[in-house]
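Asks: Handing you this structure, nothing more for now.
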Amino acid sequence: MGVVLRDDEAAFRKMGDHDLIDSYLVYRARDTLCSVSSLEKFEPLAQADTEDYRQLLSAMNPEELGANEVAMLVTNLKALAGAVAYIDNVLHDELLSAISNMSLWNYKPDVMDALLEFIESLATSSGKYVDYCLKMLTCQFFPPLSLPLPKILARKDGVLSRVHSSLKYIADLVPLSPVRLVPIVLNGKPQYCFNTISTLSLVIYVENMFKLESGVLGEVVRIPMFAGVVDLLLELDVNIGWEDIENETSERIFEMELEDGDESRDDDSELPRKLSQKILGGNSFAEKLDSLMVLTFEHLESCQVADRLIKIFDTLLELFKKTILTTYKPKFAQFVIFYACSLDPKNCGVTFALMLEHTFFFSTDGPVLRMKAVAYLASYLSRAKFLSVFVIAGTLERLVDWCVKYVKMQDNVINPKAHRLFYSGCQAIMYVLCFRMRSMMDDPQLKPWLVRLPLESILNNKLSPLKVCLSSIVLEFLRQAKAARLFMTSEKFIFDDYLESELSREFGGTERLDMFFPFDPCLLEKSDSYIRPNFIFWSMVQPTYDDEDSSDEDVGEAFASDDDGGMDYGIMQSLEEQHFDFAEVGSALNKMSITPKDSLHSRFGGAINQPMRMPSRIRPSTSPESL
């Protein structure tokens, strides 16, 4: 851009030196932009008049970036910021393209500020450039692939703080820009390059989504940003394959948490971490998912500190119902809502359980979704250390009541496919009791209630759920029920050490929902460190029996030969004398204000002096199919 004053520029001499220079540069930029004609490509004379424009284009992309080139770049950007009204998206497409290829990550603060000044001026000058400017800003969510890691870390805060400041500036002057920003951010998601994009780039992208959600634009973008994060987690989740695991360790990889294991081991706390390092350590999708899960956990913690968790949880709950619940056996993404519940058990934790209940009991959706809901419910009630035992008891009572009503309406015999909802409910009840029976029997309030629970009416009938449900769960439940004198059956069950049966496969359907336990231990190393303090492992559970008192082989025989017909009538007589009424507990549960006298941490953690030997039959996770 030449510096030759013409007669009509003489007025600039009367200004101060600084104003003179700035105004002159803006004037020359305007003159340069106006010199471009649509006839340029066809008329040699027109090309000669645009020499300054060609120099401007060259200055936007210098081959070297020395001090002079940087000064020129800053000068040109500031001049263009004052002349944005003369920019035409057709005539100046080369200029706009050159500027859009500039990355803030490659420049020092003076160039960054000049570039952002141009973007802000262009966005607020005309509505037709808003999307272009928003795309330029959101492109900065991804650092250049060629930039070394130390420079990315050093420049990240400076770049991103400027970007979000510009987004706010544009939103203040163009109120509809946040609405237009949402699809631009979500469409910028690297859907098809998970193999090549670095974990750090994905983390920075999601960090910016969370920053938008929690910033001044949050009311407009909160739900779409959270939805985008959940979708991204699920996309990574489904890309984690289990072929290598199935080839070598399909029978051992998950049963170590539920199998006998090494009795000399003092603590199982490192087991899932070691498993995840061995199996998922070389999986790039697992590494990326693990990092994003941790980032999401930390964002939920910040929401709790800011007293925003309830509002965020409402959004997360809707996303769970629409995406995670409908996804075929997700492996790890569901732990986001598990962790959110652990941060606020009385509100979020209970709300999640009630939502799953409602979906199973009253949903107009098909049986598959309802079976998934009760599978999530059973796994959640069994594994969540932070849940009050009274909340769990109330849920069990409603599940049993639903099953009782179902049995009364049926005259049929065993039909795994026709009655799969009923079998799902029965299996959920038995699964939860495998984990929680001992703690309930030890509670003076819950023991009489549990003994009075009409389990016999739902488990001993023509539908024969004990023959249809997963045999590993049935057998463990019968062992504990026998020891607690909670439930008796006159039938003899011989499972021959099978995890499953033809009947359970039939009621589980093609998705094998009979073997779906979504909150089995998390195998992602970093995520596990967040989940573990709030999680019940099988090694922490004290069953109602002692290993010496009951073996797998004699469970059915012991039940069949018992003479008292089912219930301990001494306990039943005591119940009549006590006039125990669980309705009071249910009423308190509905108010969501129950706090147990003793925390579940002490019940399942600190109160256990020595880990119990894990039973060999309860293996709901012995193959990748259970995930």
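The values are calculated or read from the model by the stated rules, or taken from the named source; none is laboratory data. No experiment lies behind these values; they were computed from the predicted model shown. Methodologically, a virtual Cβ is constructed for each residue, glycine included, from the backbone with ideal geometry; neighbour enumeration extends over all protein chains shown. Ligands, DNA and RNA are stripped out before the accessible areas are found, and what is left, the full protein with its side chains, is counted by its heavy atoms. Shrake-Rupley method; radii C 1.70, N 1.55, O 1.52, S 1.80 Å.
Asks: Which number in (1) open to solvent by 10 Å² or more (accessible area, probe 1.4 Å); (2) touching a residue at least 60 places away in the same chain (Cβ under 8 Å); (3) outside any loop (DSSP other than H, G, I, E, B) marks the one condition that Lys417 misses?
Replies: Status for Lys417: all satisfied but (3).
Asks: Sort out which residues of the range 176-194 are open to solvent by 60 Å² or more (accessible area, probe 1.4 Å) and among the β-branched types (Val, Ile, Thr), and write them in order of number.
Replies: Answer for the range 176-194, where residues must be open to solvent by 60 Å² or more (accessible area, probe 1.4 Å) and among the β-branched types (Val, Ile, Thr): just Val179.
Asks: Kindly establish whether Ala114 is assigned to a helix (DSSP H, G or I), within 38 Å of the chain's Cα centre (by Cα) and among the aliphatic types (A, V, I, L, M).
Replies: no
Asks: Please tell me if Ser363 is small (Gly, Ala, Ser), closer than 30 Å to Pro416 by Cβ, open to solvent by less than 10 Å² (accessible area, probe 1.4 Å) and over 17 Å from the mean Cα position of the chain (by Cα).
Replies: no
Asks: In addition: When the residues of the range 507-524 are narrowed to those that are at pLDDT below 90 and among the acidic types (Asp, Glu), which ends up surrounded by the fewest Cβ atoms within 10 Å (Cβ to Cβ)?
Replies: Out of the qualifying residues, it is Glu511.
Asks: Just need a number here: residues in the range 293-351 that are at positive phi and free of Cβ contacts under 8 Å to residues at least 40 places away in the same chain.
Replies: Summing the residues that are at positive phi and free of Cβ contacts under 8 Å to residues at least 40 places away in the same chain in the range 293-351 gives 1.
Asks: Can you find a residue that is modelled with pLDDT of 85 or more and either open to solvent by less than 50 Å² (accessible area, probe 1.4 Å) or touching a strand residue (DSSP E or B) at 6+ places or on another chain (Cβ under 6 Å) (or both) anywhere in the range 34-52?
Replies: no
Asks: Provide a single number: the residues in the range 281-325 that are part of a loop (DSSP other than H, G, I, E, B) and either open to solvent by 20 Å² or more (accessible area, probe 1.4 Å) or touching a Gly at 6+ places or on another chain (Cβ under 8 Å) (or both).
Replies: Summing the residues that are part of a loop (DSSP other than H, G, I, E, B) and either open to solvent by 20 Å² or more (accessible area, probe 1.4 Å) or touching a Gly at 6+ places or on another chain (Cβ under 8 Å) (or both) in the range 281-325 gives 6.
Asks: Of all residues in the range 450-480, which are over 27 Å from Pro416 (Cα atoms) and open to solvent by 10 Å² or more (accessible area, probe 1.4 Å)?
Replies: Once the filter is applied, which keeps residues that are over 27 Å from Pro416 (Cα atoms) and open to solvent by 10 Å² or more (accessible area, probe 1.4 Å), the range 450-480 yields only Arg452.
Asks: Would you point out the residue of the range 148-187, among those that are closer than 22 Å to Val216 by Cβ and outside any helix (DSSP H, G or I), that is nearest to the chain's Cα centre (by Cα)?
Replies: So, considering only residues that are closer than 22 Å to Val216 by Cβ and outside any helix (DSSP H, G or I), the one nearest to the chain's Cα centre (by Cα) is Leu176.
Asks: If you take the residues in the range 148-175 that are among the aliphatic types (A, V, I, L, M) and free of Cβ contacts under 8 Å to residues at least 12 places away in the same chain, which one is least open to solvent (accessible area, probe 1.4 Å)?
Replies: Checked the range 148-175; the qualifying residue least open to solvent (accessible area, probe 1.4 Å) is Ala154.
Asks: Every residue in the range 79-129 that is of a type in the set (Gly, Ala, Ser), open to solvent by less than 20 Å² (accessible area, probe 1.4 Å) and more than 30 Å from Lys151 (Cβ to Cβ), please.
Replies: Correct list: Ala83 only.
Asks: Please pick out the residue among Tyr423, Tyr406, Tyr376 that is within 25 Å of Met540 (Cα to Cα), aromatic (Phe, Trp, Tyr) and assigned to a helix (DSSP H, G or I).
Replies: Tyr376 is the lone residue from the list that is within 25 Å of Met540 (Cα to Cα), aromatic (Phe, Trp, Tyr) and assigned to a helix (DSSP H, G or I).
Asks: Working carefully through the options Lys467, Lys462, Lys405, find the one that is closer than 24 Å to Leu503 by Cα, of a type outside the set (A, V, I, L, M) and free of Cβ contacts under 8 Å to residues at least 12 places away in the same chain.
Replies: Lys405
Asks: Going by the conditions given, is Leu145 of a type in the set (A, V, I, L, M, F, W, C), exposed (fewer than 14 other Cβ atoms within 10 Å of the Cβ) and not in a helix (DSSP H, G or I)?
Replies: Yes, satisfied.
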